[in-house]
Amino acid sequence: MLVAANPYLSDNQYKDKFGKHTPYDAGILALEIYIRNENDKPIRINPDTISLRFAAPGESAQKIGPLSPEEVTNRVLLRKGKDTKAPRLPVPLPGGIPKTGRGKDWDELYGVLRSASLSTDVLPPNATVQGFLYFDIDHHYERLSTARFELPDLAFMLDNKALFFFEVDLAPAVH
């Protein structure tokens, strides 16, 4: 197996990939993931265990899970025009994220994010899957120098035999 991660770090990268409205506007990291299954058996990914782990100097490590394309779209467009450096409300919000502000821009951004995301939990035999995962890092792109992408729960589908824990250090991509 091969697992690789490419963090998008600049406004230009985001605009080239996502268009006018981007996750970058809301301080959300778009992490492009490549997973190659070089086995003759399909492999199951447990998406609920995927995370990004980072530790700022002098702080304990933080672990955050990926956001859905719908959550990213809401955060990008609902925060438009607001101070993006202002403190955020605790997530998840009680009762979920409000479904307001939908329209043409919402539909377009959601479509782009959804089509670009890593949307499978099964890796076919001898195949590569690619897509984006989105992590809310609150504009702290500098913290990626201490970040690791974690893919901990993989198993062969036919016999449920567990595979190794995969961890990708993002520091080389940041420097």
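Points to keep in mind about this one:
- Radius 14 Å from Cβ of residue 35, net charge of other residues (Lys, Arg +1; Asp, Glu -1): -4
- Among residues other than residue 155 with Cβ under 9 Å from its Cβ, the summed charge is 0 (Lys and Arg +1, Asp and Glu -1).
- Near-label residues of the stretch 135-175 by backbone N, under 11 Å of a point 7 Å along Cα→Cβ of residue 41: 155-163
- Of the residues 119, 51, 60, the one that moves most in a GNM of the chain with alpha-carbon contacts below 10 Å is 60.
- For P(r) over Cα pairs in 10 Å bins from 0, in percent, calculated from these coordinates, the label among (1) 10, 38, 36, 12, 3, 1; (2) 10, 42, 38, 9, 0; (3) 9, 36, 35, 17, 3, 0: (3)
We did not get these values from a lab; they are worked out from the coordinates using the rules stated. No experiment lies behind these values; they were computed from the predicted model shown. Cβ atoms come from the backbone with ideal geometry, glycine included; neighbour counts cover every protein chain shown.
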